[in-house]
Amino acid sequence: MFGHVGNSVHSSVPIMQILNSSRRSLWPLLVLLIMAMAVTTGCSRETREDDRGAEELYAEAQRALNVKSYDRAIEAYRQLTIRYPFGRHAEQSQLDMAYAMYRVGQSERALTTLDRFIRTYPTHPNVDYAWYLKGLVHYEDAMGFLRRLFPDQVKDRDQQSARNSFSDFRELIRRYPQSRYVADARQRMVFLRNVMADYEMEVGEYYYRRGAYVASLDRAKYIIENYPGAPANVDALELMERAYKRLDLEELAQDTRRVLEHNYPDLVDQNEKEGFFGRLWPFD
């Protein structure tokens with residue numbers, strides 16, 4: 001009998017070990033099961049959120065835009081355009097999303113969105129706004145340095161943005177001359193023209209200081225031919241006069257001086273010229 005009991009006790013040890021081992025092996029499965037339940041719950045919640053209709057998404061995006069929560073607005077507009085690409089709010093949502101991107105400094109994304117809108121909806125009643133906003137995005141890139149009060153530090157990148165902005169505004173005026181955005185676009189074009197001309201003038205002076213008088217002359221002529229009416233035209237004519245003298249072309253220098261005095265009699269005297277901002281800024 002004792003032998004039988006001993007055998008029973010002895011035989012129960014591997015069974016407990018097996019049970020304990022099985023219990024331990026179940027823990028990873030339990031953890032995976034809990035994680036799966038959490039993911040399923042999250043997906044269910046997202047599914048419920050994704051059930052929002054176009055009207056609700058558009059209203060949410062508009063509320064975010066109105067309180068200047070631009071990142072939230074961008075996401076709502078993005079969801080709307082993805083899930084309801086042919087709805088009545090989809091087209092306007094692209095314009096509003098581009099504006100929100102512009103406000104948070106996402107220039108490239110804003111321009112991509114606007115270019116896509118113009119290509120897809122060329123007859124949309126607000127396509128003139130798309131052109132105007134394109135001009136503003138480039139304008140902001142070009143003119144950002146002015147807000148830092150360093151008007152003399154104009155970089156090549158800023159000049160390219162200025163040219164792009166000028167081109168966008170010009171296209172707006174050409175295509176939609178009756179647009180309500182034309183008046184503002186014209187004023188900004190004047191400012192851009194003046195800034196670009198002033199930049200070219202700086203390059204011409206750079207060549208002059210280094211004795212590259214022919215290159216300096218070419219830059220001055222470029223200003224007069226491409227930026228008529230810009231304040232820098234006065235400086236360009238004076239630069240031409242100086243460069244001709246350095247090249248011993250006295251007759252051409254005198255002709256240039258006569259043109260300068262005839263066209264700008266009140267601006268020849270350097271002391272009567274306005275400051276940088278006064279000459280460039282066309283706004284009241």
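The values are calculated or read from the model by the stated rules, or taken from the named source; none is laboratory data. Since the model is a prediction, treat every value here as computed from it, not as a measurement. Cβ placement follows ideal geometry from the backbone for every residue including glycine, while neighbour counts extend to all protein chains displayed.
Of the residues making up the stretch 173-217, just one is under 29 Å from Met240 (Cα atoms) and touching an Asp or Glu at 6+ places or on another chain (Cβ under 7 Å), namely Met201.
Listed conditions (1) modelled with pLDDT under 95; (2) closer than 24 Å to Leu239 by Cβ are all met by Ala215, apart from (1).
The numbered conditions (1) farther than 28 Å from Ala162 by Cα; (2) touching an Asp or Glu at 6+ places or on another chain (Cβ under 8 Å); (3) at pLDDT 95 or above are all true for Leu249 except (2).
Could you list all residues from the stretch 196-210 that are free of Cβ contacts under 8 Å to residues at least 12 places away in the same chain and either hydroxyl-bearing (Ser, Thr, Tyr) or on the phi > 0 side of the Ramachandran plot (or both)? Correct list: Tyr206 only. Within the stretch 171-191, residues that are under 20 Å from Ala142 (Cα atoms) and in contact (Cβ under 8 Å) with a residue 24 or more places away in the chain reach partners that are of a type in the set (Val, Ile, Thr) and part of a helix (DSSP H, G or I) with beta carbons closer than 8 Å, at six or more positions or on different chains, in the pairs Leu172/Val182; Ala185/Ile173. Thr123 meets all of the listed conditions (1) at pLDDT 90 or above; (2) assigned to a helix (DSSP H, G or I) but one, namely (2).
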